[in-house]
Protein chains: 2
Amino acid sequence: MNPEEFRRFGHEVVDWIADYRARAAQHPVMSRVGPGQIRAELPASPPQAPEGFEAILDDLDRVVVPGLSHWQHPRFFGYFPSNGELSSVLGDYLSTGLGVLGLSWQSSPALTEIEETTTDWVRQMVGLSEAWSGVIQDTASSCTLVALVCAREKASGYSLAGAGLQGEEKPLVVYASAHSHSSVDKAALLAGFGRANVRVVATDAVHAMRADALDEAVRADRAAGRRPCAVVATTGTTTTTALDPLRAIAEVAHGQGLWLHVDAALAGSAMILPECRPLWDGIEGADSLVLNPHKWLGAAFDCSLYYVRDPQHLVRVMSTNPSYLRSAVDEKVRNLRDWGIPLGRRFRALKLWCLIREQGVSGLQARLRRDIGNARWLAAEVRTAPRWRVLAPVPLQTLCVRHEPPGLESESLDRHTLAWADRINRSGAAYLTPATLDGRWMVRVSIGALPTERRDVEELWAAMRREAESG
Amino acid sequence: MNPEEFRRFGHEVVDWIADYRARAAQHPVMSRVGPGQIRAELPASPPQAPEGFEAILDDLDRVVVPGLSHWQHPRFFGYFPSNGELSSVLGDYLSTGLGVLGLSWQSSPALTEIEETTTDWVRQMVGLSEAWSGVIQDTASSCTLVALVCAREKASGYSLAGAGLQGEEKPLVVYASAHSHSSVDKAALLAGFGRANVRVVATDAVHAMRADALDEAVRADRAAGRRPCAVVATTGTTTTTALDPLRAIAEVAHGQGLWLHVDAALAGSAMILPECRPLWDGIEGADSLVLNPHKWLGAAFDCSLYYVRDPQHLVRVMSTNPSYLRSAVDEKVRNLRDWGIPLGRRFRALKLWCLIREQGVSGLQARLRRDIGNARWLAAEVRTAPRWRVLAPVPLQTLCVRHEPPGLESESLDRHTLAWADRINRSGAAYLTPATLDGRWMVRVSIGALPTERRDVEELWAAMRREAESG
């Protein structure tokens, strides 16, 4: 495709996306296709001859759209908000169109330096001290894996330069709560710790890690000849946005020589609101943290920020320096390939740069305050409705709710819960993703898609009452 | 930014990119800025108030472009071709604009099923059997890490479910050649094997792994009480595009019970040409392989394909199944979160779908044949020029060359080599990345940027003669 064809079809693509976003509310939120249905629409083999871009544009409404669950829909309340703010989308368009790679600083200096600048902007926006240095990665899963590998290498005195984890006589142990994200467990297993060396620390009544239970678990392991290595605390757990007490956990971590990694993937964005910062009180005691601007904040996916207090340690664990990547200025610059797993690097900073500049900090703050206000409104409604319960505190934008009709309990209550959520999802009116809490199914309402206004939350609540109370 | 603003600024972005691509040849290929120069142009703190998108567009030519090394330039001969074909760029624009995520099949069925289809198209295009299943990941670094973790878990009988690598009494060992990519070493260290358990297998005169040396190394480790676990072979090494003999290596691997992972990150694309397939003869004997359509083939970065013969093993190693991600159809569909490290997943398949459909297999084949022809032409020119040498076979599109004036050897020859390459890079006429081969610096010429025609290679060769022979 030559640049003039790109200009023509690019305008069509932009128009199509503009229309898609403007009319998002017209679609059923959750896709209604069955397994294999989209695949059956596609040729089993690739075309030998060029088809022309018109053919692709023709397939968008016919093949692709029916197979989408619409994350940018005003009544998307599933999983978490993954907001692709349109200014950030354009930043990503610039990045993809430029097609430059950051293998090293030299391979496109602006890629590295705009990343340094924007990650430092976000540091300031969320109130972190100057002791933190940031880098953009793809997802929190990868950041947490990097964090646990760094913890492993610190505790083992850089075992990777010797026999690796295979040379350790006393096993290293990782700590997290049952409410930590599944990626924490996965990272510990991929890093080679083994499930037998991953401790599930007890939580309190509001699903936050108990620092005293952590301390006790660490002491028990040490007494048994094992070596406590890292604790992963969460600011805003996936199920309930529970807030692990970072100050107390950091105190245990420092006393016991543990690496403290904080998963603030969702809730980190809220720290651009000064009134939310007490929620991660103690964060300065952490060694590493992840927060995802590609969630609530609005950066187009993927844009996950990993901050560390000791970048030299990170680089020592991650660095490679083959001759084909060397340049004359390597001593004076950051080579971000040594700040994470992949060597190749998109110009991801552009989408963050465009988001922050076009929205301004004040614009981002206003939107997040709107969403928190909507969550508080819904929580108040649910709490006062007969037979409805809010099951956990609502510090941010996620509610855990259940409708509990008389006579239903345990499995029959679970069936009722899953059934009314499923009716809403199938109706297309809204999208909700249930989860289990304390062994029972409940429904998470995650508020904060870009176009979600109060009226959308009102419509959701009406649908919930209709589908649950008639069930 | 609302959809109507997006429409307006989106057209401007598309026009700007169309102009950038059309005029790429006007820029010096390698950025001329010094360390810190771009950062100094940017405000140290984020804007409180919205700036408007016009301000960003104004900064593109002033701040961003001078800080770019232009990978889409017709005389970019550095690293490797990272081609963002404009049809693929538009596929990525669709993905970013839609803003849907593939956390599970249900969270956007088309995302998963178009990925299944397009990875199977590429499988057919490169002549792999139906025994292979593919998934899109970000980079070869991540794919190779996944491969070595899968090898580790196979050899250790799923140690991750127990004490991890920490419970292994006899160390697991990984094998690769000194010409394997730096990411292989990095993956082995991140996976916990330890440098002491990574063997550098000897290579032959053309820098390919010696299968007999592999066999010998494996036997020596086994005799010493260690457990050979995996071998990483390369089809097209980074420095010289050397071709490890896969058939012989697979024979050793099968005889010795090793996992065979093949890194065909660059050269895999060439397998869409039937005449190139002998270069990876024996590939069906591998357990996993990576090939990167985001390199020579033209998919916008990032788009790395990971193929495995046993997806059940991959899923068993990588799977997580928290309640908040479950859906009613999980047993009937692929949940691609269990096929790699990150949970979150862009709709990357769109850029591959658009590339293959708009170009057609025949269009892609024609471009790759053009590049191979250009490499052969340059190799013939260099070979017949006095004092010039081609240092390794040229099976594909990469040449390793040196100008060897009389009286220069060892360090003085290195200084000469680095000096003339640097003069070309600073002139802006072309971009070359030197590397070491057999202990001496030489210059790699990696041909295959999208707009590179014969005349560009001719201009490069003229610049090489001018700068080296006058030096």
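The values are calculated or read from the model by the stated rules, or taken from the named source; none is laboratory data. It should be emphasised that the depicted structure is a prediction, and the values quoted were computed from it without experimental measurement. As a convention, Cβ positions derive from the backbone with ideal geometry for all residues, glycine included, and neighbour counts pool all protein chains shown. In case anyone asks, the SASA skips ligands and DNA or RNA and just uses the protein heavy atoms, side chains included. Shrake-Rupley method; radii C 1.70, N 1.55, O 1.52, S 1.80 Å.
Test residue B:210 against the criterion of being open to solvent by 30 Å² or more (accessible area, probe 1.4 Å) and farther than 24 Å from residue B:394 by Cα, and give yes or no.
no
Name the one entry in B:36, B:84, B:67 that is open to solvent by less than 20 Å² (accessible area, probe 1.4 Å) and under 30 Å from residue A:361 (Cα atoms). If you could, list the steps in order and put the result at the bottom.
Details: B:36 fails: open to solvent by less than 20 Å² (accessible area, probe 1.4 Å); B:84 fails: under 30 Å from residue A:361 (Cα atoms).
Going through B:36, B:84, B:67 in turn, the sole match is B:67.
Mind listing just one residue for me: the one in the range A:428-471 that is more than 19 Å from residue A:392 (Cα to Cα) and among the polar types (S, T, N, Q) and, of those, modelled with the lowest pLDDT?
Filtering first and then ranking leaves A:470.
Considering the range A:239-267 alone, what residues qualify as being surrounded by fewer than 23 Cβ atoms within 10 Å (Cβ to Cβ), under 28 Å from residue A:442 (Cβ atoms) and among the polar types (S, T, N, Q)?
Within the range A:239-267, A:239 is the sole residue that qualifies.
For residue B:222, all conditions in the list (1) outside any loop (DSSP other than H, G, I, E, B); (2) surrounded by 24 or more Cβ atoms within 10 Å (Cβ to Cβ) hold save one; what is the number of the exception?
Evaluating residue B:222 over (1) outside any loop (DSSP other than H, G, I, E, B); (2) surrounded by 24 or more Cβ atoms within 10 Å (Cβ to Cβ) leaves (2) as the failure.
Residue check: is residue B:199 among the basic types (Lys, Arg), open to solvent by 30 Å² or more (accessible area, probe 1.4 Å) and part of a helix (DSSP H, G or I)?
Judged against the criteria, residue B:199 is not a match.
Under 30 Å from residue B:85 (Cβ atoms) and free of Cβ contacts under 8 Å to residues at least 40 places away in the same chain: is that true of residue B:308 in this structure?
no
Check residue A:320 against each of (1) in contact (Cβ under 8 Å) with a residue 40 or more places away in the chain; (2) outside any helix (DSSP H, G or I); (3) of a type outside the set (Gly, Ala, Ser) and name the one condition it does not meet.
Evaluating residue A:320 over (1) in contact (Cβ under 8 Å) with a residue 40 or more places away in the chain; (2) outside any helix (DSSP H, G or I); (3) of a type outside the set (Gly, Ala, Ser) leaves (1) as the failure.
Out of all the residues in the range B:270-277, is one or more aliphatic (A, V, I, L, M), part of a helix (DSSP H, G or I) and touching a Lys or Arg at 6+ places or on another chain (Cβ under 9 Å)?
There is at least one residue in the range B:270-277 that is aliphatic (A, V, I, L, M), part of a helix (DSSP H, G or I) and touching a Lys or Arg at 6+ places or on another chain (Cβ under 9 Å).
Regarding the range A:447-455, can at least one residue be identified that is in a loop (DSSP other than H, G, I, E, B) and touching a strand residue (DSSP E or B) at 6+ places or on another chain (Cβ under 6 Å)?
So far as the range A:447-455 goes, yes, one or more of its residues are in a loop (DSSP other than H, G, I, E, B) and touching a strand residue (DSSP E or B) at 6+ places or on another chain (Cβ under 6 Å).
Do we find that residue A:99 is without any contact (Cβ under 8 Å) to a residue 60 or more places away in the chain, in contact with a helix residue (DSSP H, G or I) (Cβ under 9 Å, 6 or more places away or on another chain) and within 30 Å of residue A:13 (Cβ to Cβ) in this structure?
It is true that residue A:99 is without any contact (Cβ under 8 Å) to a residue 60 or more places away in the chain, in contact with a helix residue (DSSP H, G or I) (Cβ under 9 Å, 6 or more places away or on another chain) and within 30 Å of residue A:13 (Cβ to Cβ).
Within the range A:417-426, is even one residue modelled with pLDDT of 95 or more, in a helix (DSSP H, G or I) and within 23 Å of the chain's Cα centre (by Cα)?
Yes, some residue in the range A:417-426 is modelled with pLDDT of 95 or more, in a helix (DSSP H, G or I) and within 23 Å of the chain's Cα centre (by Cα).
Determine which member of the set B:7, B:23, B:75 is open to solvent by 30 Å² or more (accessible area, probe 1.4 Å), farther than 18 Å from residue A:118 by Cβ and within 7 Å of chain A (Cβ to nearest Cβ).
One residue alone meets the criteria, B:7.
Restrict the check to the range B:436-445 and report whether at least one residue is under 21 Å from residue B:368 (Cβ atoms) and either open to solvent by less than 20 Å² (accessible area, probe 1.4 Å) or of a type in the set (Ser, Thr, Tyr) (or both).
Yes, the range B:436-445 has at least one match.
Within the range B:111-144, which residues are over 24 Å from residue B:99 (Cα atoms), at the interface with chain A (Cβ under 8 Å from one of its Cβ atoms) and hydroxyl-bearing (Ser, Thr, Tyr)?
Passing the criteria: only B:141.
Let's see how each residue does on (1) out of contact with any strand residue (DSSP E or B) (no Cβ under 6 Å at 6 or more places or on another chain); (2) hydrophobic (A, V, I, L, M, F, W, C); (3) modelled with pLDDT of 95 or more:
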| site | (1), (2), (3) |
| --- | --- |
| B:267 | no, yes, yes |
| B:280 | no, yes, yes |
| B:300 | yes, yes, yes |
| B:310 | yes, no, yes |
| B:316 | yes, no, no |
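Would you confirm whether or not the range A:87-103 contains a residue that is modelled with pLDDT under 95, more than 20 Å from residue A:20 (Cα to Cα) and facing chain B (nearest Cβ under 7 Å)?
yes
Is there a residue being of a type outside the set (S, T, N, Q), in contact (Cβ under 8 Å) with a residue 12 or more places away in the chain and outside any helix (DSSP H, G or I) anywhere in the range B:157-164?
yes
Looking at B:326, B:348, B:337 in this structure, which one is at pLDDT below 95 and buried (at least 24 other Cβ atoms within 10 Å of the Cβ)?
After ruling out the rest, the residue left standing is B:337.
On the basis of being open to solvent by 30 Å² or more (accessible area, probe 1.4 Å), farther than 15 Å from residue A:87 by Cβ and in contact with a Ser or Thr (Cβ under 7 Å, 6 or more places away or on another chain), does residue B:62 make the cut?
Details: open to solvent by 30 Å² or more (accessible area, probe 1.4 Å): yes; farther than 15 Å from residue A:87 by Cβ: yes; in contact with a Ser or Thr (Cβ under 7 Å, 6 or more places away or on another chain): no.
In short, no.
Could you tell me whether residue B:108 is facing chain A (nearest Cβ under 10 Å) and either open to solvent by less than 10 Å² (accessible area, probe 1.4 Å) or closer than 30 Å to residue A:173 by Cβ (or both)?
Against the criterion (facing chain A (nearest Cβ under 10 Å) and either open to solvent by less than 10 Å² (accessible area, probe 1.4 Å) or closer than 30 Å to residue A:173 by Cβ (or both)), residue B:108 qualifies.
Can you tell me which residue is least open to solvent (accessible area, probe 1.4 Å) among those in the range A:384-406 that are without any contact (Cβ under 8 Å) to a residue 12 or more places away in the chain and farther than 26 Å from residue A:273 by Cα?
Of everything passing the filter in the range A:384-406, A:386 is least open to solvent (accessible area, probe 1.4 Å).
Residues B:264, B:253, B:248: which one is under 18 Å from the mean Cα position of the chain (by Cα) and without any contact (Cβ under 8 Å) to a residue 40 or more places away in the chain?
B:264
Any residue in the range B:151-165 that is crowded, with 24+ Cβ neighbours inside 10 Å and more than 10 Å from chain A (Cβ to nearest Cβ)?
For the range B:151-165, residues crowded, with 24+ Cβ neighbours inside 10 Å and more than 10 Å from chain A (Cβ to nearest Cβ): present.
Looking at the range A:225-234, which of its residues are without any contact (Cβ under 8 Å) to a residue 60 or more places away in the chain, buried (at least 21 other Cβ atoms within 10 Å of the Cβ) and within 22 Å of residue A:165 (Cβ to Cβ)?
A:228, A:231
Which condition from (1) within 15 Å of residue A:307 (Cα to Cα); (2) surrounded by fewer than 24 Cβ atoms within 10 Å (Cβ to Cβ); (3) more than 7 Å from chain B (Cβ to nearest Cβ) is the one that residue A:147 breaks?
Of the numbered conditions (1) within 15 Å of residue A:307 (Cα to Cα); (2) surrounded by fewer than 24 Cβ atoms within 10 Å (Cβ to Cβ); (3) more than 7 Å from chain B (Cβ to nearest Cβ), the odd one out for residue A:147 is (2).
Are any residues in the range A:166-196 part of a loop (DSSP other than H, G, I, E, B), among the aliphatic types (A, V, I, L, M) and either surrounded by 21 or more Cβ atoms within 10 Å (Cβ to Cβ) or over 26 Å from the mean Cα position of the chain (by Cα) (or both), and if so, which ones?
If the condition is that a residue be part of a loop (DSSP other than H, G, I, E, B), among the aliphatic types (A, V, I, L, M) and either surrounded by 21 or more Cβ atoms within 10 Å (Cβ to Cβ) or over 26 Å from the mean Cα position of the chain (by Cα) (or both), then A:191 is the only one that fits.
From the list A:358, A:331, which residue is over 19 Å from residue B:346 (Cα atoms), crowded, with 20+ Cβ neighbours inside 10 Å and within 12 Å of another protein chain (Cβ to nearest Cβ)? Break it down stepwise before answering.
Numbers: A:331 fails: crowded, with 20+ Cβ neighbours inside 10 Å.
That would be A:358, the only listed residue that is over 19 Å from residue B:346 (Cα atoms), crowded, with 20+ Cβ neighbours inside 10 Å and within 12 Å of another protein chain (Cβ to nearest Cβ).
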